[in-house]
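Here the structure comes first, spelled out in structure tokens, and everything after it is commentary.
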There are 2 protein chains.
Amino acid sequence: MKMFGKTTKLLVATAMLAGLSTASLAKDKVYKWKLATTWGPTLSPFIDAPKNMARLVKEMSNGRLIIRVDASNKHKAAFGILDMVKGGQYDMGHSASYYWKGKDINLLPFTSMPFGMTAPEQYAWFYYGEGMDLMQKAYSKHKVLSFPGGNTGNQMGGWFRKEITSVDDLKGLKMRIPGFAGEIMAKLGLTVTNIAPGELYTSLERGTIDALEWVGPGMDIKMGFHKVAPYYYTGWHEPASELQFLVNKKKFNKLPADLQQILKTAIRVSAYDMYIQNYQMSAKAWSKMVKEYPNIKIKTFPKSVMTAMKKANKDLLVEKTQGKPLLKEILDSQAAFQKKAREWTKMSDYLYLKDNL
Amino acid sequence: MKMFGKTTKLLVATAMLAGLSTASLAKDKVYKWKLATTWGPTLSPFIDAPKNMARLVKEMSNGRLIIRVDASNKHKAAFGILDMVKGGQYDMGHSASYYWKGKDINLLPFTSMPFGMTAPEQYAWFYYGEGMDLMQKAYSKHKVLSFPGGNTGNQMGGWFRKEITSVDDLKGLKMRIPGFAGEIMAKLGLTVTNIAPGELYTSLERGTIDALEWVGPGMDIKMGFHKVAPYYYTGWHEPASELQFLVNKKKFNKLPADLQQILKTAIRVSAYDMYIQNYQMSAKAWSKMVKEYPNIKIKTFPKSVMTAMKKANKDLLVEKTQGKPLLKEILDSQAAFQKKAREWTKMSDYLYLKDNL
């Protein structure tokens, strides 16, 4: 009976341990995800945001959630990110919301708007204002969750071969400037073209185009535009472009709660980090650029040009929001938030900088 | 023998499961930590940073790391945080590095320096410049790890009962302004006093003091200073005050790798979030304040006063760094970084804001 007694105890112990082990095995389930980005494999800092996010998720989850990051050379669909995440070919994406303005105009404002918010103002709108709710509302019809994915900070207005002293100087110029800003420039009489990144330098050098807009010193330096177009205009059209992480909603809902929080936190911190990384890259690149090419001239568009741009922007917004209640709701929310936040920005950072340049 | 065979199988199964279970139990070990803050239990947004951090850690670790946050009313040692974390009475702390300038002058520069960096500049220095390494170097003798813990953004120069038009107007004024900024003000002829927060309003109302410095609209509004001292001066002395999370190094090293990364990530995101939260609080509070008290006047110190402050600051830094090679190394690193970063700030956010106020 002793033997039998032992066996019974073992059976009970086995059952208990088996129970424990089943729970532990469920908890140890490994999720393997794929993320598609719009960016090439070396496009810092854009590509760094999803890579850092994936590394943090892996380390924090102790290997239970592994996210493979595919650059655009892998999936060959740089601007198909929303569709691929929506369709479930990819679990996640990393791109910029305004690339889909043609598909769904309501997604336009989550990147940046001309004459809009600065980075801290916009993050405040996203996280402590109505931004996140409005973004989920706009993305819900695509069955995709959307999160801020890294900010470029203020983008420069672009490289020009000649100085701009009036609206007339702009008329007839050929410029590469995509998106909503391109539409504004077209209203001012420019011929707006789109050219593949690899051909931009040659086009500018040969005068096929007269100007182009890229990002800022940190990313522009590799492109070499400063060697052929010395007028570097300050920004107006993308004061704080936020990229986006997209997550297939069904896939997200299947994750256990701890992995959901790990993912959300890794996303949030990688987005902030990209903003700061690009700040450092721009500071460093500008210092190098101007040392090697002292001929570069920082210019701000003259008041008459600014006024014309602001008017064109206003007119375009009226056109676009016609019969688009959600777009109007989002833009109104941004405008109201910006008005309040800008007062604070003025009395804090702006007036401080004014005396400390 | 059948019976025996079964028992043997059970024994093996039990051992296997026991092995699995031991690993799983080790992995499921719960760490219970305590964090001491300098702040009272309702001092938003300062107290929110450690609370958010603890919540994220709990959720991401699935309850394996629980951090209890003690406000200052609990441990009664608001300015003893470094000592308590160093001594191991607390595993973590949340405070501001410059509170310990009397104990270790090398810890002063990690909060903010007069005429120093703005928030994005400073985060860039911490995370993509030499900041983090220098901070660990300075804290290593205390056997404590230090991390950025949330930024206030630009702090206002303070509330004054009368307008300041010259350095002479400052002489003899009684002002509550602590720390390094207080030493600068003393050099300009002010009588610098420290008064408990609870008595500040009455002191200012009755004229026991003529001016005081607190934080910015988001935190000042509850104090009510705007009702009794209508001149609100813009900031110069704390352009981006970063709080700090402190972690006892020994305790940190005992955590498994995944919990270490969970802790570091929760710290990093809570710090960024506090900066953005305070931005929103200040924007909102200022809008309310100025509506209810339209008499408030935003003032910038006149150029003569600024020049005198800058000179006093420079002189003080020369005095303080005498024979202090590490302090000098930190301040030199900050100054060099600021010089580069400020050029970028000027051509990006500053020039953008100039045309969009």
Review point. For a label point 7 angstrom out from the Cα of residue A:163 toward its Cβ, which stretches of segment A:179-218 have the backbone nitrogen within less than 20 Å?
Key: A:210-212
Study note, to complete from the structure: Neighbours of residue B:236 by Cβ distance under 10 Å: Lys/Arg at +1, Asp/Glu at -1, summed charge -1
Practice item. Can you list the distances in nanometres, one decimal and ascending, from the residue A:288 label point to the identical position in each other copy, with the point 7 Å along Cα to Cβ? Key: 4.7
Check your understanding: How much length, in nm to one decimal, is gained on full extension between residue A:357 and residue A:143, taken as 0.36 nm per residue of separation minus their Cα-Cα distance?
Key -> 72.4 nm
Exercise for review: Compute the FRET efficiency between residue A:79 and residue A:288 as 1/(1 + (r/R0)^6), taking r as their Cβ-Cβ distance and R0 = 25 Å, and round to the nearest 0.05.
Suggested key: 0.20
Practice item. Just subtract the alpha-carbon distance of residue B:132 and residue B:43 from 0.36 nm times their residue separation and send over the number in nm, one decimal. Key: 29.4 nm
Practice item. Would you mind classifying the protein assembly as shown by shape? Square roots of the alpha carbon gyration tensor eigenvalues, ordered a ≥ b ≥ c; an a/c under 1.5 is rounded, otherwise it is prolate if a/b is larger than b/c and oblate if not. Key: oblate
Review point. Which of the aspartates and glutamates could a cross-linker bridge to residue B:250, judged by Cα under 19 Å and excluding same-chain residues fewer than eight apart?
Key: B:83, B:91, B:133, B:258
**Study point:** Using a 7 Å Cα-to-Cβ projection, residue A:44 label spacings across copies, nm, ascending
**Key:** 4.0
Exercise for review: Could you work out the local net charge near residue A:283, counting Lys and Arg as +1, Asp and Glu as -1, over the other residues with Cβ closer than 14 Å to its Cβ?
Suggested key: +2
Check your understanding: Can you list, shortest first in nanometers, how far residue B:315 lies from the same residue in the other copies, with each label 7 Å from Cα toward Cβ?
Key -> 5.9
Point to revise | Diffusion constant of chain B at 20 °C, which comes from Stokes-Einstein with the Kirkwood Cα-pair radius and 1.002 mPa s, µm²/s | key: 95
Practice item. Counting helices only, and only those DSSP H runs with n ≥ 4, report the 222 nm mean residue ellipticity of chain B as the sum of -39,500 (n - 2.57) divided by its residues, in deg cm²/dmol to the nearest 500. Key: -16000 deg cm²/dmol
Check your understanding: What distance in nm separates the simple spin-label points at residue A:199 and residue B:251, each placed 7 Å from Cα in the Cβ direction?
Key -> 6.2
Study note, to complete from the structure: Taking every DSSP bridge whose two residues both lie in chain B, the antiparallel percent to the nearest 5 is 45
**Study point:** Euclidean distance of C-alpha centroids, segment B:215-285 and segment A:123-198, integer Å
**Key:** 32
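Bear in mind that the values in this text are calculations on the coordinates, not laboratory data. Predicted, not measured: the structure shown is a model, and the values here were computed from it. With ideal geometry, Cβ positions are generated from the backbone for all residues, glycine too; neighbour counts draw on all protein chains shown.
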